[in-house]
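Structure record follows, encoded as structure tokens.
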Amino acid sequence: MVSARETDQETAEAKEQVRTSRSRGRPRSFDRATALEKALMAFWEHGYEATSVSDLTRIMGIGAPSLYAAFGDKRTLFEEVVGVYAGTHGAFGDRALAEESTARAAVERTLREAAAAYTDPAHPYGCLVVHAATNCTSPEVEALLRERRNASISGLESRIEADVVAGRLPAGTDAAALARHTGAMIQGMSQQARDGASRAELTALAEIAMTIWPQG
């Protein structure tokens, strides 16, 4: 576990190196997008707290001065990583809501795609937004991840409410509870994937989860 003191020391030393490098006019000598993807994988695998600046520079293949000059501090880098993740590896839920005609169809698709994505050996298992919050002691990072998770639930709740109004779901359907149930399933599937659950096992959970949905 990396202590806050060690992180602060790394930050201070790296920022001093940045000032020195800038004074010499050293040009950036790495591909920013590639380095960012490597940082994403590190945070996804180990979480925010356990990934130190020295880990990041080693994995990204750059020096601390380049990291700070290009991305800011560790938290700012992580915020950018979360944005990239949401638009790439973690975008399947938003796509399902945008492309499916009903909330039920969107949730069924999201859970099935989560089962596949969370167990894909091409990258770390589970969901970065869920896993990165583990043992996190940064209030700003906790807030960032919490807001993203809650925003997903709120978006689904609005979609369910619209289906109730349109008669696609029965009047009296508890949209908030149904949306939160879906959020709990997604978060739980992420952790189970990290614990070794297979795609087939998570798909079976998704099928069970859909049985509680009311019929329109």
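The values are calculated or read from the model by the stated rules, or taken from the named source; none is laboratory data. Given the structure is predicted, the values throughout are model-derived calculations rather than measurements. Every residue, glycine as well, gets a Cβ built from its backbone with ideal geometry; the counts of neighbours run over all protein chains shown. Side chains are part of the model used for accessible areas, which takes the heavy atoms of the whole protein and leaves out ligands, DNA and RNA. Shrake-Rupley method; radii C 1.70, N 1.55, O 1.52, S 1.80 Å.
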**Prompt:** Relative contact order for the chain: what is it in percent, counting Cα pairs under 8 Å that are at least 6 residues apart?
**Reply:** 21 percent
**Item:** Where the Cα pairs of the range 110-174 fall when distances are cut into 5 Å bins, in %
**Value:** 3, 15, 15, 16, 17, 14, 10, 6, 2
**Message:** Quick check: the angle from helix 139-165's long axis to the longest principal axis of the chain, C-alpha only, nearest 10 degrees?
**Reply:** 20 degrees
**Asked** Using the Cα gyration tensor of the range 92-216, with a ≥ b ≥ c the square roots of its eigenvalues, what is the shape: rounded (a/c below 1.5), prolate (a/b larger than b/c) or oblate (neither)?
**Response** oblate
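Could you tell me the convex hull volume per residue, in Å³, taken over the Cα atoms of the range 147-216?
Details: hull volume 5.6 nm³, N = 70.
Per residue, the Cα convex hull of the range 147-216 comes to 80 Å³.
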**Message:** If you take every residue apart from ALA106 with its C-beta less than 12 Å away from the C-beta of ALA106, what net charge results, scoring Lys and Arg +1 and Asp and Glu -1?
**Reply:** 0
**Item:** Rg and Dmax of the range 75-117, Cα atoms only, in Å
**Value:** 12.2, 38
**Asked** Taking only the alpha carbons of the chain, what extent do you get along each of the three principal axes, in Å, biggest first?
**Response** 67, 33, 30
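Mind ranking 55-63, 95-103 by how tightly packed they are, going by the mean number of other C-beta atoms within 10 angstrom, highest first? Before the final figure, lay out the partial values.
Numbers: 55-63: 18.0, 95-103: 15.6.
Ranked by mean Cβ neighbours within 10 Å, highest first: 55-63, 95-103.
Quick check for you: with a 1.4 Å probe and neighbouring chains kept, what is the accessible area per residue of the range 54-126, in Å²?
40 Å²
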**Message:** From Cα pairs below 8 angstrom and at least 6 apart in sequence, can you work out the relative contact order of the range 31-80, rounded to a whole percent?
**Reply:** 37 percent
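Ignoring any ligand, DNA or RNA, what whole percent of the accessible area of the chain comes from carbon and sulfur when the probe is 1.4 angstrom?
The value for the chain is 50 percent carbon and sulfur by accessible area.
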**Asked** Against the longest principal axis of the chain, how steep is helix 175-194, in degrees 0 to 90 to the nearest 10, with axes from Cα atoms?
**Response** 50 degrees
**Folded to 0 to 90 degrees: helix 74-87 orientation relative to the chain principal axis, Cα** = 40 degrees
**Request:** Can you send over the solvent-accessible area of THR211, 1.4 Å probe, protein chains only, in Å² to the nearest 10?
**Result:** 110 Å²
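Charges only on Cβ, +1 for Lys and Arg, -1 for Asp and Glu: so what's the dipole of the chain about the Cα centre, in debye to the nearest 20? Don't skip to the end; give the middle numbers.
On the way: 24 positive and 29 negative charges, 123 e Å.
In total the dipole reaches around 600 debye.
Calculate for the chain the 222 nm mean residue ellipticity that helices alone would give, adding -39,500 (n - 2.57) per DSSP H run of length 4 or more and normalising by residue count, nearest 500 deg cm²/dmol. Each step should come with its number before you reach the end.
Details: 11 runs with 152 residues, N = 216.
Computed mean residue ellipticity for the chain: -22500 deg cm²/dmol.
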